[in-house]
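First up is the structure itself, then whatever we jot down about it.
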Amino acid sequence: METAAQPWQNADIASLTGGTYMAVVQRHHDILIQRLSRHSANYRDPLEEIPWDELDPDRPWLPESLISLYGTAEYAALSAEEKIRLSQVEFVSFCELGLWLEALFIQRLGSHSLAHLYGDTASYHYQLHELREEVGHSLMFLELQQRAQLPFLTPPKLRPRLATWFARIAPEGSAAFWATILIGENVPDQMNRFILRDKTLPAAVLGITQLHSREEARHMAFARVTVQRRSRRLSLVQRRLLSPLMREVMRQFLYTTFFPVPAVYAAAGLDAPQRLARLARQNPHRIRLMNECAEPSREFLRSQGFTV
C-alpha cells in the first residue's frame with residue numbers, strides 16, 4: 001500500500017513558531033503535493049481493476065468482528081447463512097457510506113476548482129487527480145451495489161444533518177472544512193485496514209478495499225497538511241469556538257458509520273430490524289471498535305489545537 005510522507009508528525013516542526021513554522025510547513029506542503037501528483041498519475045480504473053467475477057455470494061464479505069451485531073447473543077443465534085448474508089449487506093452499506101461522502105466532496109471541490117487554478121496551481125493539479133479518484137470510487141461502489149442486487153439502504157435524510165450541512169457550507173479554505181474531510185476519510189480507512197487483514201475474504205472485496213485504501217492514503221495526506229497549514233492561522237479562541245462543532249460533526253459521522261439503519265437488517269432477511277438496530281447501538285464491542293477507529297483522527301485534531 002502506498003504511503004505518503006507525514007511532516008505533520010515531525011516533533012521538530014511542531015516546536016517551531018511564527019514565520020519559521022509556516023515556511024517549513026509550506027515547504028513540506030509543496031514537496032508533498034508534487035509527490036502525491038506523481039503517484040496519482042498512474043491511475044487505474046476501478047471498474048477494470050476489480051475481479052468482479054470473484055464476488056463470491058456464498059462467502060462473507062466482512063470479517064466477523066466488523067459486523068455490527070458481533071459479540072451479542074442475538075448474533076450468536078444466527079445461522080451460518082444469516083451471518084454470511086448480514087456481512088454482505090453490511091459491506092455494501094459501508095461502501096454506500098463512501099458514495100455519500102464522495103458526492104459531498106466532489107460537489108464542493110468542483111465548485112471551487114477555479115479558485116485553486118488561479119490561486120494555487122500545484123494544489124489544483126493534485127485535486128484534479130483526487131476528483132478523478134473519488135469519481136472512480138463512486139463508480140466502483142455503484143457497481144458493487146448493482147452486483148449485490150441491493151437498493152440504496154440509507155437515504156440522505158437519514159445521514160447526519162449537521163455533518164452534511166457543514167460539509168456544504170464551511171469555507172473551502174478553512175481548517176474546519178478540511179478537518180471534516182479528514183474525519184470522513186480517516187475513520188473508514190481504519191475499517192479498511194481491518195478488512196485487509198482477513199485474506200479469506202473474496203478477491204473482489206479485498207480488491208475494492210485495497211484500491212480505496214491506497215488512494216485514500218494520498219487524500220488523507222493532503223487533508224492533514226492542509227489542516228496543519230490553515231489551523232495555524234486560527235487564534236486560541238477560534239479553536240475553542242470551533243471545537244464543539246467539530247465534536248458534534250464527528251459524533252454524527254461515527255453514528256452513521258458504525259450503526260446501520262434498520263433497512264440493513266431487513267435487507268439481510270432478519271426479523272425485527274428496528275430492534276436489531278437498537279441492539280447494535282448498545283453493543284459494547286461495536287462501541288469499542290468505533291472509538292478505536294476514531295482515535296487517530298481525534299489525536300491529530302488535538303495536535304492542531306482542537307478539543308475533540
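Here, each number is a calculation from the coordinates, and none is a lab measurement. Keep in mind that this is a model prediction, so the values were computed, not measured. Glycine also receives a Cβ, built like all others from the backbone with ideal geometry; neighbour counts cover every protein chain displayed.
Quick notes
- Checked against the criterion of being within 19 Å of ALA73 (Cα to Cα), charged (D, E, K, R) and surrounded by fewer than 16 Cβ atoms within 10 Å (Cβ to Cβ), the candidates ARG233, ARG281, ARG247 yield just one match: ARG281.
- Selection count, the stretch 223-243, where residues are in contact (Cβ under 8 Å) with a residue 40 or more places away in the chain and part of a helix (DSSP H, G or I): 14
- The stretch 170-190, residues that are touching a helix residue (DSSP H, G or I) at 6+ places or on another chain (Cβ under 6 Å) and either under 16 Å from GLN88 (Cα atoms) or of a type in the set (Phe, Trp, Tyr) (or both): TRP178
- Residue-level analysis places ALA217 outside the set of residues that are in contact with a helix residue (DSSP H, G or I) (Cβ under 6 Å, 6 or more places away or on another chain) and among the hydrophobic types (A, V, I, L, M, F, W, C).
- Taking the criterion of being surrounded by fewer than 21 Cβ atoms within 10 Å (Cβ to Cβ) and among the basic types (Lys, Arg), the residues of the stretch 204-230 that qualify are ARG214, ARG229, ARG230.
- Helices (runs of 4 or more DSSP H) contained entirely in the stretch 46-148, each with at least 2 residues that are crowded, with 19+ Cβ neighbours inside 10 Å: 80-111, 121-148
- Annotation: VAL205 fulfils all but one of (1) closer than 24 Å to ASP58 by Cα; (2) assigned to a loop (DSSP other than H, G, I, E, B); (3) not polar (S, T, N, Q); the unmet one is (2).
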